[in-house]
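Every read-out reported here was derived from the displayed coordinates using simple, explicitly stated rules and does not represent laboratory data. Computed from a predicted structure; not experimentally measured. Heads up, the Cβs are rebuilt from the backbone with ideal geometry, glycines too, and the neighbour counts pull from every protein chain shown.
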Amino acid sequence: MKAAVIGLQWGDEGKGKVVTYLSRRYDCVVRYSGGSNAGHTVDYGNFKMVHHLLPSADIKKQKMMYIGPGVVVDLDVLLEEIDQINNLIPESRSLLRISKQAHVVIPIYRDLDEKIDSSRANQIGTTRRGIGISYANRAMRCGLRLEDFETPARAESFLNEISRTWSIKFDVKMILDNLIEKYNKIRDLLIDSSEAVRVLKEKDLLFEGTQGVLLDVDMGTYPYVTSTNCSTTGIQPGFGYPVQVDKIFGVMKAYTTRVGEGPFPTELKDEVGENLRRLGSEYGATTRRPRRCGWLDLVLIKYAIETSACNALIMTKADILSGFEKIPICMGYKIGGKFYTQINNTAHLTEIEPVYEEIKGWKSLHSKEFDDFIYKIERELGLKFAYISTGPKIEEITEL
Ligand code: GDP
Ligand code: IMO
Ligand code: MG
């Protein structure tokens, strides 16, 4: 059995919590995309973890974790997270395997990321984690992979290549020594991608998506996106093997948030938006930036479902809307005087006018009004909810 959990909006839908809960039914959780730009919060009740790089497997249940070749690995962040899980649950480090073919985010990438984004005419507002630079270097074939540290001369030649490609000078020897020191601390966890495939292909795998479909480099709101296929399409290259994924869980928040720049049709720039941010604690798990907040946009969710082949829905954070008298839902867009309930691409989101339908709010998640909200969304999207998350803690979720 293979399944995936992906975000249907602009990230931060609550994927981490959902993955931790679902991980109990699988042998291994696999990260296939992104890097430490991701921030997946898991609230165990007596402690919280924010997973930037480690798959959000339930560490109390001793599940395997695999970081595939499609992930870009920042060794500082990785070492910190490994220490964290190992302190919480001794020996849990031994459940992790990392592909040797994964690329490495070297510290200068973070500075380059910041420099390049700041100098753009239209800033993306990246997480400054060096993600775009890592994937660019991979595409330009000058990036280092974890396996390169096995042969320091090879790693050194890549560092020299990076220096030439970007026309920047840095102390290659010092950076190399520093990286090798960190690499040695995780060396025993590294595995060739082909070996990982042999070990894992018959196992029950849960693929943990990062970001969301609207941040996918191809299907998202380009150029305001991340640099990978964080949607379902990234699973095969990011795992390194053509797997058949039967269940694709799409996670959607009951409202919408976005961090960084880019179009956001249902954004609320008033006190209602501030209220949502405060009630939902909508601050970036990676950068602590305030998240932009707005109403649920079913046009964009439909687009995300269609392009990701999502076949089961999971709703999160509806509890945050409890108590609102009326809840507007964006049902369609007005484009050039015409009404549309579907879009074919995201290129013209700044030229549209969202059209809302107001529904009656609910006081409790055990009410007719809340059930009506769920049925309405299911009807509009033509897909059923498999789970409804009702709070941040792992167990606060209901299977339907
Ligand atoms: P991710 O990046 O998709 O994993 O999401 P984040 O962790 O960045 O942001 C989701 C936030 O909402 C985290 O603080 C979670 O603990 C929290 N959360 C997840 N599901 C729920 C829910 O159903 N209700 C509430 N109130 N909080 C939730
Ligand atoms: P999770 O996995 C929300 C956004 C950044 C920026 C754009 C590009 O926690 O949902 P990058 O650093 O990737 O080059 O930034 O993407 N972004 C996220 N927004 N959640 C995330 O991850 C994000 N990862 C990147 O804010 O707009
Ligand atoms: Mg997040």
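Miscellaneous remarks
- Length-normalised contact order for segment 332-400 - Cα pairs under 8 Å, 6+ apart - percent: 18
- Around E181: net Lys/Arg minus Asp/Glu count, Cβ-Cβ under 14 Å: +2
- Every helix of 4 or more DSSP H residues in the chain counts as -39500 (n - 2.57), and over all residues that averages to -9000 deg cm²/dmol at 222 nm.
- Considering only beta bridges that DSSP places wholly inside the chain, some 40 percent are antiparallel.
- Amide H contacts of Q9 (H built 1.01 Å from N, in plane; Pro and chain starts excluded): V213, L214 sit under 5 Å, all sequence-distant by 5 or more or on other chains.
- Anisotropy class of segment 109-268 from Cα gyration tensor, a/c 1.5 cut: oblate
- Segment 11-47 and segment 145-188 have Cα centres spaced 30 Å apart.
- FRET efficiency, E351 to E399 (Cβ-Cβ, R0 41 Å, nearest 0.05): 0.50
- In this structure, the amide hydrogen of S389, modeled 1.01 Å from its nitrogen in the peptide plane, lies closer than 5 angstrom to those of M315, T316, K317, T398, counting only residues at least 5 positions away or on a different chain.
- Label point at V199 placed 7 Å out along Cα→Cβ; residues across segment 70-88 whose backbone nitrogen lies under 20 Å: 70-75, 78-87
- Using the Karplus relation 6.51 cos²θ - 1.76 cosθ + 1.60 with θ = phi - 60°, the per-residue 3J(HN,Hα) values for segment 356-370 come to 9, 10, 8, 10, 5, x, 10, 8, 9, 6, 9, 9, 4, 4, 5 Hz, with x marking Gly and Pro.
- 5 angstrom amide H check on Y44, placed H, neighbours 5+ away: M49
- 3J(HN,Hα) along segment 258-269, derived from phi through the Karplus expression 6.51 cos²θ - 1.76 cosθ + 1.60 where θ = phi - 60°, amounts to 8, 10, x, 8, x, x, 7, x, 9, 4, 10, 9 Hz, with x in place of Gly and Pro.
- Fully extending the segment from K247 to E114, taken as 0.36 nm per residue of separation minus the present Cα-Cα distance, adds 44.2 nm.
- For segment 190-200, putting each phi into the Karplus relation 6.51 cos²θ - 1.76 cosθ + 1.60 with θ = phi - 60° gives couplings of 7, 8, 5, 4, 5, 5, 4, 4, 4, 6, 9 Hz, in residue order, rounded to whole numbers and with x for Gly and Pro.
- The percentage of C-alpha pairs in the chain whose separation is greater than 30 Å is 39%.
- Taking the centroid of alpha carbons for each part, segment 217-276 and segment 75-111 are 24 Å apart.
- Summary value for segment 103-183: 26 percent relative contact order, contacts being C-alpha pairs under 8 angstrom separated by 6+ residues.
- Structural descriptor for the chain: relative contact order 21 percent, calculated from alpha carbon pairs under 8 angstrom and at least 6 residues apart.
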